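A short worksheet on the structure shown next.
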Amino acid sequence: MSDDLRELYQEVILDHGKNPRNFHEHDGATNEARGNNPLCGDQLVIYLQLDGDRNVVNASFLGKGCAICMASASMMTDLVKGRSADEAQSMFQAFHDMCTGEGDETALAEDMEKLSVLSGVREFPTRVKCATLPWHTMVAALKGENEISTE
Ligand code: ZN
């Protein structure tokens, strides 16, 4: 990867970190869960609105955390909107595998490609938890669990 490209990726992360999308409480939420990453201090709540067929009609989040965590939550809430619960779960798996190095960004579906900006975390094991926390929390919310911690 060229240095220019690396810089651009950083900018995407910082932009989402500073101006997160879907950063609000959601009154119509049917499912919500809290995620906690004590190692870094990331804490967030994921709000999901599921319809009767378990499609994610809406997704949002609130919380505080590092740029990686906020950027990941911001992109995730955009991506899972309009998906079925099963699709959201598969996206989690693909993203998780990319971050841990079990898979790579080329395995991501085309509409998930923007998540590859976060693939650099695999070189920093402690940051993997920052990137995956929102996703773990989203899956917990789908399952009706209220709380998860990375520890
Ligand atoms: Zn973090």
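The values are calculated or read from the model by the stated rules, or taken from the named source; none is laboratory data. Note that the structure is a prediction, hence the values are computed from the model and not measured. Cβ sites come from the backbone with ideal geometry, for glycine too, and all protein chains shown count toward neighbours. Ligands, DNA and RNA are stripped out before the accessible areas are found, and what is left, the full protein with its side chains, is counted by its heavy atoms. Shrake-Rupley method; radii C 1.70, N 1.55, O 1.52, S 1.80 Å.
Every condition in (1) β-branched (Val, Ile, Thr); (2) in contact with a helix residue (DSSP H, G or I) (Cβ under 6 Å, 6 or more places away or on another chain); (3) surrounded by fewer than 17 Cβ atoms within 10 Å (Cβ to Cβ) holds for Thr132 except the one numbered (3). Pairing each residue of segment 61-72 that is under 13 Å from Leu118 (Cα atoms) and open to solvent by less than 10 Å² (accessible area, probe 1.4 Å) with any residue that is of a type in the set (Val, Ile, Thr) and not in a loop (DSSP other than H, G, I, E, B), provided the two are 6+ apart or on different chains, yields C-beta distances under 7 Å for Ala71/Ile13.
Mind checking whether some residue in segment 24-34 is modelled with pLDDT of 95 or more, among the hydrophobic types (A, V, I, L, M, F, W, C) and at negative phi? Checked segment 24-34: at least one residue is modelled with pLDDT of 95 or more, among the hydrophobic types (A, V, I, L, M, F, W, C) and at negative phi.
What number of residues within segment 1-22 satisfy the criterion of being open to solvent by 50 Å² or more (accessible area, probe 1.4 Å) and touching a helix residue (DSSP H, G or I) at 6+ places or on another chain (Cβ under 7 Å)?
Going residue by residue through segment 1-22, those that are open to solvent by 50 Å² or more (accessible area, probe 1.4 Å) are 1-11, 14-15, 18-19, 21.
Applying the additional criterion that residues be touching a helix residue (DSSP H, G or I) at 6+ places or on another chain (Cβ under 7 Å) yields 9, 14, 21.
Of the residues in that region, 3 qualify.
The residues of segment 41-54 that are open to solvent by less than 80 Å² (accessible area, probe 1.4 Å) and either in contact with a Lys or Arg (Cβ under 7 Å, 6 or more places away or on another chain) or modelled with pLDDT under 90 (or both) amount to a single one, Val45. A single member of Val121, Val117 is more than 13 Å from the ligand (Cβ to nearest atom), hydrophobic (A, V, I, L, M, F, W, C) and crowded, with 18+ Cβ neighbours inside 10 Å, and it is Val117.
Consider Leu142 carefully, then state whether it is open to solvent by less than 40 Å² (accessible area, probe 1.4 Å), in contact (Cβ under 8 Å) with a residue 12 or more places away in the chain and under 19 Å from His16 (Cα atoms). First the steps, then the outcome.
Working: open to solvent by less than 40 Å² (accessible area, probe 1.4 Å): yes; in contact (Cβ under 8 Å) with a residue 12 or more places away in the chain: yes; under 19 Å from His16 (Cα atoms): no.
Answer is no for this residue.
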